[in-house]
Amino acid sequence: MIVWIGFLVMIFTFLALDLGVFNKEAHKITTKEALRWTTLWVSLSLLFSVFIYFAYENHWFDLGIRHGRVTGGMEAALTYLTGYVIEESLSMDNIFVIAVIFSYFQIPQKYQHRVLFWGILGALFFRGIMIAAGAYLVEQFEFIIYLFGAILLWTAYKMLQSNSDDIHPDENPVVLQLRKFLPVTKSIKGEQFFVRKGGKIVAMTPLFVALIVVETTDIMFAFDSIPAIFAITTDPFIVFTSNIFAILGLRSLYFVLASILDRFAYVKYSLAAILAFVGLKMLVLHPLHLDPPVWVSLVVIVVLLGGGVLYSWFHKRKEEKKRGVTTNDETKLPEPVDKAV
């Protein structure tokens, strides 16, 4: 229990410094600033794996001792890193959806950080509940593993079939229910989530509506990502910490990738392949008691994700080069006219 409390205190301290000190004033997050924050969160996430190693190697706070099975430091650290990479890679699809939500509700860039910050607090709470429930179910009912595997395969299939036209933020059921009780203002009211008159809340702002949609979207994504990490480990501490560090890095990663998401069109196929790999691992290898070493899963996931990123980049470069060559060869127009076209 002490280690859980210590971890949560550390996370809430980071978040308090984030909003209360470094981002106290609303401002547009530049790519350079977002890269610095992304580097910081990734570094902290990797540094935490060192703590995992020593904590499980020496069994601090009884970590690594569960149901008569002893987990060593190296195995625990690799498991944590694998879970972190899975969650961080799956969050890339979440980033695309968040970009659509902000665009739909016309949230100014200087207020987007505030929405994501409060979204993180909600994610901490809901993911904690879902991880606790998942860990309990996996320990009590072995067939849950097969259910998780089937969910991941179905999610992989749906991911391949999905596109931006399938996202309808204004049809979110939670938002529709809230609108029965409170109207929504037509414009942003600064950083305010609500409009108050006489001390009473009389309306919601688009900022709050966007927050609700982001939050409920994260819960839906958690139904996909949390089963994925249970294929790697059922240790609740490793599942929770890897999830939380991935979520914390999601905000800064959003500001880095949001403007260049179109360059990673084929990453979707990598994510679907990762989900399919983990799902098949649950459905095929688990019943045969053929569990590959954790490092094998880590390598497969990194190769699949890296392959999607590289292929997307090379394909985009090829398309841009081809368009440039076609324009020069076919039109033969002077430079000013070509720009006008």
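Here, each number is a calculation from the coordinates, and none is a lab measurement. This is a predicted model, so every value here is computed, not measured. No Cβ is skipped: glycine too gets one built from the backbone with ideal geometry, and neighbour counts run over all protein chains shown.
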Contour minus Cα-Cα distance for Phe143 and Phe126 (0.36 nm per residue): 3.8 nm
Straight-distance crosslink candidates among lysines, where the alpha carbon sits under 24 Å from Lys189 and sequence neighbours closer than 8 are dropped: Lys24, Lys28, Lys110, Lys180, Lys197, Lys200
For the chain, the spread of Cα positions along each principal axis, largest first, Å: 73, 66, 36
Charge context of Thr71, other residues only, Cβ under 10 angstrom, K/R +1, D/E -1: -1
Simple label model, 7 Å out from Cα along Cβ direction - Ile219 to Phe54, nm: 3.9
Residues of type lysines that Lys158 reaches as a straight line, Cα spacing below 27 Å, ignoring anything fewer than 8 places off in the same chain: Lys268, Lys281, Lys316
Chymotrypsin sites (Phe, Trp or Tyr not before Pro) within the stretch 72-141, DSSP loop, no more than 15 other Cβ atoms inside 10 Å: Phe141
Residues Trp295 and Arg323, FRET efficiency given R0 of 41 Å [Cβ-Cβ distance, rounded to 0.05]: 0.45
Packing-based order for 142-154, 54-66, using average beta carbon neighbours within 10 Å, highest first: 142-154, 54-66
Förster radius 35 Å - calculated FRET efficiency between Met10 and Glu191, Cβ distance, rounded to 0.05: 0.85
Lys110 paired with Gln161, simple spin-label distance in nm, labels 7 Å along Cα-to-beta-carbon: 4.4
Cα centroid separation - the stretch 88-120 against the stretch 35-63, whole Å: 26
Semi-axes of the equivalent ellipsoid for the stretch 140-242, Cα gyration tensor, largest first, Å: 36, 17, 12
Projected label distance in nm at Trp118 and Arg66, using a 7 Å step from Cα toward the beta-carbon: 3.4
